[in-house]
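Heads up, the thing below is written out as structure tokens.
The values are calculated or read from the model by the stated rules, or taken from the named source; none is laboratory data. It should be emphasised that the depicted structure is a prediction, and the values quoted were computed from it without experimental measurement. Every residue, glycine among them, receives a Cβ derived from its backbone with ideal geometry; neighbour counts consider all protein chains shown.
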Amino acid sequence: MADGPPRLALVGELETAVTTTSALPADGAASPAAPKVAEPPPAKATPPESAPVCLSYGPFASEAAATDGIARLRRAGASASLRRVELSPARGYNVFLPPLADRAAALAMAERLRAAGFNDLVVLNEGGQINAIALGRFGGEENARRHQTALLAKGFAARVAPAGAGAAQFWLDVRAPAGFDAAGQRRAIGAPRRQARRC
């Protein structure tokens, strides 16, 4: 029996002792060499994926200018979507039927509308909406949508659009692969600036 408390052994010492004693058979004779087991090859380290580049270009003065930039960005390997930012709220909402083929068709549609009980209408005869039919202007979108729903229920394909909308800006939200030349593409599409955004 040893004097004093038992001695603590380190894990490495225990492994050496176990390996040494387990290599000998119980009778103390040397055992034949154990076959070597091939160790698996080290796993190849996969390079981390490069993070995509996400940013916004703008503001563009018109939707057309921004849309032109989308095609160029796609050719450069990026995906882009158009975002409209209203700078001031609409001053009302128009309910209307889009332009018909000609004046005669617009007048015939106006008669159908009156027969269905929609008497407050104007057939437009000038401007970009010639032969469209104005069906009311509303201060709030909810009221305009209610009137549109009544027209749709009677079979008229009425639409609602903001009236007197203030100025708007157009931005392109872009997601591109790593290595994308953000500064060069900003110049190529004529964007005044670029802003980083979350992917």
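Of note:
- A search for C-beta distances below 6 Å between a residue of the range 98-119 that is in contact (Cβ under 8 Å) with a residue 60 or more places away in the chain and any residue that is among the hydrophobic types (A, V, I, L, M, F, W, C), counting only pairs 6+ apart in sequence or on different chains, returns Pro98/Ala132.
- Residue pairs meeting the criteria (Cβ under 8 Å; at least 6 apart or on separate chains; first within 14 Å of Arg194 (Cα to Cα) and surrounded by 13 or more Cβ atoms within 10 Å (Cβ to Cβ), in the range 157-183; second basic (Lys, Arg) and modelled with pLDDT of 90 or more): Phe170/Arg83; Trp171/Arg83; Leu172/Arg83; Asp173/Arg83; Asp173/Arg197; Ala182/Arg194
So that you can scan it fast, the table gives a plain yes or no per residue for (1) assigned by the TED database to the domain that holds Arg84; (2) in contact with a Leu (Cβ under 7 Å, 6 or more places away or on another chain):
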residue: Lys154; (1), (2): no, no
residue: Arg159; (1), (2): no, no
residue: Trp171; (1), (2): yes, no
residue: Ala176; (1), (2): yes, no
residue: Gly179; (1), (2): yes, no
residue: Ala182; (1), (2): yes, yes
residue: Gln185; (1), (2): yes, yes
residue: Ala188; (1), (2): yes, no
residue: Pro192; (1), (2): yes, no
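- Test result for Leu135, within 22 Å of Leu107 (Cβ to Cβ), at pLDDT 95 or above and touching a helix residue (DSSP H, G or I) at 6+ places or on another chain (Cβ under 9 Å): yes
- The set of residues in the range 67-96 being aliphatic (A, V, I, L, M) and in a helix (DSSP H, G or I) consists of Ile70, Ala71, Leu73.
- Evaluating Leu24 against the criteria (1) at pLDDT below 55; (2) surrounded by 10 or more Cβ atoms within 10 Å (Cβ to Cβ); (3) assigned to a helix (DSSP H, G or I) leaves one unmet condition, (3).
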